[in-house]
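Undergrad: Here's a structure for you.
The values are calculated or read from the model by the stated rules, or taken from the named source; none is laboratory data. Here the structure is a predicted model, which is why all the values come from computation and not from measurement. Neighbour counts are summed over all protein chains in view; Cβ atoms, including those assigned to glycine, are modelled from backbone coordinates with ideal geometry.
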Amino acid sequence: MESREFKSQVALVTGAGSGIGKAAALKLAAEGVRVGVLGHTRSEVDKTAREIENAGGKALVLEADVSNATQMQNAVDRLAGEFGRLDVVVANAGINGVWAPIDDLKPDEFDRTIAVNLRGTYLTFHAAVPHLKKNGGSIVVVSSINGNRTFTTPGATAYVATKAAQVAIVQQLALELGRHGIRVNAVCPGAIDTSINDNTTVRGKRETAVPVKFPEGDIPITGGKAGTSEDVADVILFLASDRSRHITGTPIFVDGGQGLLR
């Protein structure tokens, strides 16, 4: 059933093939938002789109690499052209990349993480903002507690650099884009039960591990159990909606208190 809150709205969700991006796309679509589901793995975004359509929603599949300027521009322009507008952007696509000692982390490994997580965030803004300026809207960047509250992930130098930079971008652009009625916020998840760890390469963990032991149940609100993609998607939905109309430039930590212990 279409929500009045999101009546006629259109959203772009990057990294919509799995995890937090997929959960956000499904929740937005359930509220009546027409959603552009963007990802670089066609089979995954096709599946997300089918789930949306089977539930009565509307989705447009956008196959693109977020680090590729031409692909991103074409995808966003296609979405706005198809549905006539753009109101909500969820900049979620990201990788953990390679986690390794700084003297072992190769330049191309560093560059790849920066390309997807940071350049990808920039290109998402770059392509989407001209459309958002027409009517205002909301941009939500999926950052992390890593690089903002916690710095104990062994070897994750490139990753934490991108996650800290995303929050800085959010705060910078909240001021730049406020005059256009565009709000910009971040969600910073802690441990979430997604498949992102499947794409993580870890080397030299013993060399980089921080010599500290965390208590059992280090996610206080759940007794140690990781959060879910839906936990994050619910916050994204709030930030996309008019219920958060006076919130901008704000990182919201969705970690069950995990970051406070670290």
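Undergrad: For a quick check of your reading of the model, give me the residue pairs whose first member lies in region 177-192 and is over 13 Å from Phe125 (Cα atoms), whose second is assigned to a helix (DSSP H, G or I) and of a type in the set (Lys, Arg), with beta-carbon atoms closer than 9 Å and at least 6 apart or on different chains.
TA: Cys188/Lys163
Undergrad: Only residues in region 4-22 that are at pLDDT 95 or above count as the first member; pair them with residues that are basic (Lys, Arg), Cβ under 7 angstrom, at least 6 apart or cross-chain, and list the lot.
TA: Val10/Arg34; Val10/Arg85; Ala16/Lys22
Undergrad: Follow-up question, since we're still on this one. Within region 91-104, can you find the residues that are touching a Gly at 6+ places or on another chain (Cβ under 7 Å) and surrounded by 17 or more Cβ atoms within 10 Å (Cβ to Cβ)? Can you show your working first?
TA: At the first step, the residues of region 91-104 found to be touching a Gly at 6+ places or on another chain (Cβ under 7 Å) are 92-94, 99-101, 104.
Once the filter is applied, which keeps residues that are touching a Gly at 6+ places or on another chain (Cβ under 7 Å) and surrounded by 17 or more Cβ atoms within 10 Å (Cβ to Cβ), region 91-104 yields Asn92, Ala93, Gly94, Trp99, Ala100.
Undergrad: Got at least one residue in region 227-246 being at pLDDT 80 or above, assigned to a strand (DSSP E or B), in contact with a helix residue (DSSP H, G or I) (Cβ under 9 Å, 6 or more places away or on another chain) and surrounded by 14 or more Cβ atoms within 10 Å (Cβ to Cβ)?
TA: Of the residues in region 227-246, the ones at pLDDT 80 or above are 227-246.
Add one more test, that the residue is assigned to a strand (DSSP E or B), and what stays is 227.
Going one step further and asking which of them are in contact with a helix residue (DSSP H, G or I) (Cβ under 9 Å, 6 or more places away or on another chain), we end up with 227.
If we keep only those that are surrounded by 14 or more Cβ atoms within 10 Å (Cβ to Cβ) as well, we get 227.
Yes - at least one qualifying residue is present in region 227-246.
Undergrad: Kindly indicate whether Gly120 is touching a Lys or Arg at 6+ places or on another chain (Cβ under 8 Å), touching a residue at least 40 places away in the same chain (Cβ under 8 Å) and buried (at least 23 other Cβ atoms within 10 Å of the Cβ).
TA: Values: touching a Lys or Arg at 6+ places or on another chain (Cβ under 8 Å): no; touching a residue at least 40 places away in the same chain (Cβ under 8 Å): yes; buried (at least 23 other Cβ atoms within 10 Å of the Cβ): yes.
No; evaluated as a whole, the condition is false for this residue.
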